[in-house]
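Nothing in this text is a laboratory measurement; each read-out follows from the coordinates by a stated rule. Bear in mind the structure is a predicted one, so any value in this text is a computation, not a measurement. Here the Cβ positions follow ideal geometry from the backbone for every residue, glycine too, while neighbour counts run over all protein chains shown.
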């Protein structure tokens, strides 16, 4: 992993935790919170969701939602992230492509 990617991931993690804290303190941005809540609903329907994590021990076909215990063609691996923070990171993307990019500059 190169240094640019490491710092990018660090910014994702920090941003997600910061937005999670803002929400808990009641100083969140309501427009952002709406997008975050849509992400929560999407993740709640995902077969890779395991508690508050995206299961990194499973693979899923994003088209069929079929889950496997080992890699297969067209399957993605769960990211292993703590979802309550990742869903609130403006820079993060769902590895299956179900959400992300909503905050990109147009």
>> How much length would be gained if the chain were fully extended between residue 11 and residue 66, taking 0.36 nm per residue of separation minus their Cα-Cα distance, in nm to one decimal?
In response: 16.6 nm
>> Suppose we take every Cα in the stretch 15-77 and form the convex hull; what volume per residue is that in Å³?
In response: 102 Å³
>> Expected output is a single nm value to one decimal: the length gained when fully extending between residue 41 and residue 102, i.e. 0.36 nm times separation in residues minus the C-alpha distance. What is it?
In response: 20.4 nm
> Principal axis lengths of the chain from Cα atoms, whole Å, largest first?
Replying inline: 42, 33, 29
> Against the longest principal axis of the chain, how steep is helix 3-25, in degrees 0 to 90 to the nearest 10, with axes from Cα atoms?
Replying inline: 60 degrees
> For residue 56 and residue 32 in one chain, what is 0.36 nm times their gap in residues minus the Cα-Cα distance, to one decimal in nm?
Replying inline: 6.0 nm
> Quick one: which of 31-41, 88-98 comes out on top by average Cβ neighbours within 10 Å, and what's the full order, highest first?
Replying inline: 88-98, 31-41
